[in-house]
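Here's the structure, in structure tokens; my notes come after.
The values are calculated or read from the model by the stated rules, or taken from the named source; none is laboratory data. Model, not experiment: these values are computed from the prediction. Every residue, glycine among them, receives a Cβ derived from its backbone with ideal geometry; neighbour counts consider all protein chains shown. What goes into the accessible areas is simple: the full protein's heavy atoms, side chains included, and nothing from ligands, DNA or RNA. Shrake-Rupley method; radii C 1.70, N 1.55, O 1.52, S 1.80 Å.
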Amino acid sequence: MKRYIGIRIIYMIITLFIISTVTFFLMKALPGTPFDEEKLAQLPDEQKQMIYASYGLDKPVFTQYVNYIKNVAQGDLGTSFFYTGQKVTDIISGRLFPSALIGLQAVLLGLAVGLILGIVAAYRHNTGWDYATMIIAVLGVSIPNFVLAALLQYYVGLKWGLLPVAFWESYPSSILPSVALCVGVIALIARFVRTEMLEVLDQDYVTTAKAKGLGTIRIMFQHVIRNSLISVITILGPIVVNLLTGSLVIENIFGIPGIGSLFVDSIKMNDYSTIMGITLFYSAFYVLVMLVVDLLYGLVDPRIRLASGKG
């Protein structure tokens, strides 16, 4: 297991190196600059050179790249072009809490409700419970979260006045964005759990357990549900990354000062260093979560743990 984790960490470092390299040169290939060209044109050449030198843009591209990789290796993502004098790491850390809060709430709520609906649908297969759950799942996948966000703002926020419509003022401001994000998660997990449980229920070992006289509840929790969680863990990794790092659309709709809205604003302003920093942050978080997902496989299924240990 230790050897497996070590190999995965090496792969993670290589992956982040490739992503940082590609992102750097893509930023250099984009048209325009992070500066206000009209104001910059009014400055003397000496001041222009001083501005470029302060950001290291007076050096050749390859030299800029080498310096960038060195700084990234030391945990320095550079200085923002738009937020003058502020480090990208400080900007990201300042925006992390709102995104993490609404994302964590969406993950927990979506996972809990999705598991319950999927289990009920499989256990009550071809009944009203099953059909109702599948209708909810289809609607959850079909309705875009930005449409649901607008409906929540209108009815829950404006018409009923139960929760804040937008902006980040207190904890209640996080509830509607979390609900808008979690509906799709509920639908996805419910469908996966139902499908996997129906397959497991047809397995021979479940039939054998029934023949031995084991109770339905014990069979469901000891055999069926546990063996159905592999597919849920597989899709849970990308879901967690997407939600915990913020939804670009939802954060803008609700005016949440999170990483998602920061990413959109950085693209609009051509803030290269912030764009690259957020991209690396997303990538690092993604590969870390996927490592955790692989380790969770071993907890759910001992055969996977044994296989990885032998490797």
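Restricting the search to segment 152-191, which residues are open to solvent by 60 Å² or more (accessible area, probe 1.4 Å), over 25 Å from Ala100 (Cα atoms) and not in a helix (DSSP H, G or I)?
Trp160
If you scan segment 81-126, which residues turn out to be over 24 Å from Ile259 (Cβ atoms) and within 20 Å of the chain's Cα centre (by Cα)?
Start the filter on segment 81-126 by keeping residues that are over 24 Å from Ile259 (Cβ atoms), which leaves 112-126.
Selection gives Ala112, Val113, Gly114, Leu115.
Can Phe146 be described as at pLDDT below 85, surrounded by fewer than 20 Cβ atoms within 10 Å (Cβ to Cβ) and under 26 Å from the mean Cα position of the chain (by Cα)? First the steps, then the outcome.
Values: at pLDDT below 85: no; surrounded by fewer than 20 Cβ atoms within 10 Å (Cβ to Cβ): yes; under 26 Å from the mean Cα position of the chain (by Cα): yes.
So Phe146 does not fit the description; no.
Determine if segment 123-132 includes at least one residue that is surrounded by fewer than 16 Cβ atoms within 10 Å (Cβ to Cβ), touching a residue at least 24 places away in the same chain (Cβ under 8 Å) and over 27 Å from Asp265 (Cβ atoms). Break it down into steps so the answer makes sense when it comes.
Here is the first cut: in segment 123-132, the residues surrounded by fewer than 16 Cβ atoms within 10 Å (Cβ to Cβ) are 124-129, 131-132.
Restricting the remaining residues to those that are touching a residue at least 24 places away in the same chain (Cβ under 8 Å) gives 125.
Then drop every residue that is not over 27 Å from Asp265 (Cβ atoms), which leaves 125.
Yes, the conditions are met somewhere in segment 123-132.
With the requirement that a residue be under 13 Å from the mean Cα position of the chain (by Cα) and farther than 21 Å from Lys28 by Cβ, what does segment 280-291 give you?
Answer for segment 280-291, where residues must be under 13 Å from the mean Cα position of the chain (by Cα) and farther than 21 Å from Lys28 by Cβ: Ala284, Phe285, Tyr286, Val287, Leu288, Val289, Met290.
Could you list all residues from segment 258-279 that are under 16 Å from the mean Cα position of the chain (by Cα), more than 17 Å from Ala29 (Cα to Cα) and open to solvent by 20 Å² or more (accessible area, probe 1.4 Å)?
Phe263, Val264
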